Amino acid sequence: MRCAGAAPLLGSLPGELDPTEAALLGAHLATCEPCRARLADIEALSGVVRDGLRDEAARRDLSIFADGVMARIPASAWQGAPAGPLERLRAFLRRHRVLAAASALAPALAALALYLYIGRTGGTGPSELSVEVTSEDLAAIVLDTSDGPVILVGDGSEGT
Amino acid sequence: MRSTWTAAWVAVAVLVCLPAWAADAPVPVRIRVLQGFRQGAPGVPPGLEDLRGQLSATAYVRWEQAGEMQASMVPKKPVSVSLPGGGSVSVTLVEARQGAATFEVSAPGSRTQSRVTVPPGKRIVQQVSAEQGGSAWFVTIKAGG
């Protein structure tokens, strides 16, 4: 690396150069006295500027600036400022109450509709007369009347 | 807003739990023990008038009520009904849904077991003993009392 190539790199902040550039610059500075002197000047200058700015900032009362910014934020916005996704969701639902109520009632209405549908169609529940009779020795006879089943056991001659 | 959410979720919980609760809720069941005779003056006592349609379908002409019980039955819990002639009958409510009820009746006297589903308002009349001397024992079962 020559001095023309090293000059732009002299003011770089720590970590700003990639390893290759840092290695080349280090090798050049090891052999180039003028560049080392220039680097020393730059560091001294940046130190002066840094210290000067820090001193100047220390003399200023920035709390006035911060208070002014905070004072310009409306109180309503500050009170409703969402802190996270849940707070934002709550704020949204507060602004859209009808939508929130509808979304909350939707599963309830769906469950009610399903319940009524099952009740109307019978679902898996029994709705028809069903008779199963087992008898070890006697014959079983089932008479289906309008009031319900009559189950008789015997030789099969009881029915009319 | 919070009350709206609470009401909605309470409604959901009720609707979800209602079928399960209803399936296991006690069911009032009226069980009567009758004796039927093939001989005698034909007739149905006044207390059995509601059974006339079913009783008259049999070859037994005279009827007497020997016992009655009102049971609050829950599914899968059998109820034992004693017969005056000795022995007993086991009545089990298998399930009750939408007014219809399924009963299992086990009658050792007649070595008969039945599983009957009756729609709402219907009644089971079942012979629970073998005929002896021209008479036999019956039980009637009706859900809803």
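The values are calculated or read from the model by the stated rules, or taken from the named source; none is laboratory data. Treat the numbers as computed from the prediction; the structure is a model and nothing was measured. Because the Cβ atoms are built from the backbone with ideal geometry, glycine has one as well, and the counts that use them run over all protein chains shown. Side chains included, ligands, DNA and RNA excluded: accessible areas come from the protein's heavy atoms. Shrake-Rupley method; radii C 1.70, N 1.55, O 1.52, S 1.80 Å.
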> Name the residues in the stretch A:113-160 that are at pLDDT below 75 and either part of a helix (DSSP H, G or I) or on the phi > 0 side of the Ramachandran plot (or both), would you?
Replying inline: A:Tyr117, A:Ile118, A:Gly119, A:Arg120, A:Thr121, A:Gly122, A:Gly123, A:Gly156
>> Anything in the stretch A:1-20 that is part of a helix (DSSP H, G or I), more than 21 Å from A:Arg50 (Cα to Cα) and open to solvent by 70 Å² or more (accessible area, probe 1.4 Å)? List them, or say none.
In response: A:Ala4, A:Pro19, A:Thr20
>> Please verify whether B:Val89 is within 13 Å of another protein chain (Cβ to nearest Cβ) and crowded, with 18+ Cβ neighbours inside 10 Å, treating the condition exactly as stated.
In response: yes
> So which residues in the stretch A:26-77 are open to solvent by less than 100 Å² (accessible area, probe 1.4 Å) and either of a type in the set (S, T, N, Q) or in contact with a Phe, Trp or Tyr (Cβ under 8 Å, 6 or more places away or on another chain) (or both), if there are any at all?
Replying inline: A:Ser46, A:Ser63, A:Ser76
>> Looking only at the stretch B:95-107, count every residue that is at pLDDT 90 or above and either more than 11 Å from the chain's Cα centre (by Cα) or open to solvent by 20 Å² or more (accessible area, probe 1.4 Å) (or both) and tell me the total.
In response: 2
>> Return the residues of the stretch B:28-61 that are without any contact (Cβ under 8 Å) to a residue 40 or more places away in the chain and away from every other protein chain (no Cβ under 14 Å); say none if nothing qualifies.
In response: B:Gly40, B:Ala41, B:Gly43, B:Pro45, B:Pro46, B:Gly47
>> I'd like the full set of residues that are under 23 Å from the mean Cα position of the chain (by Cα), open to solvent by 100 Å² or more (accessible area, probe 1.4 Å) and under 18 Å from B:Trp9 (Cα atoms), limited to the stretch A:95-112.
In response: A:Arg97
>> For the stretch B:130-145, give me the residue count where each residue is over 21 Å from B:Pro42 (Cβ atoms) and either more than 7 Å from chain A (Cβ to nearest Cβ) or at pLDDT 90 or above (or both).
In response: 6
> Do the conditions hold for B:Trp63, that is, is it of a type in the set (Phe, Trp, Tyr), modelled with pLDDT of 90 or more and either in a strand (DSSP E or B) or open to solvent by 80 Å² or more (accessible area, probe 1.4 Å) (or both)?
Replying inline: yes
> From the set of residues in the stretch B:108-130 that are free of Cβ contacts under 8 Å to residues at least 24 places away in the same chain and part of a loop (DSSP other than H, G, I, E, B), which is surrounded by the most Cβ atoms within 10 Å (Cβ to Cβ)?
Replying inline: B:Lys122
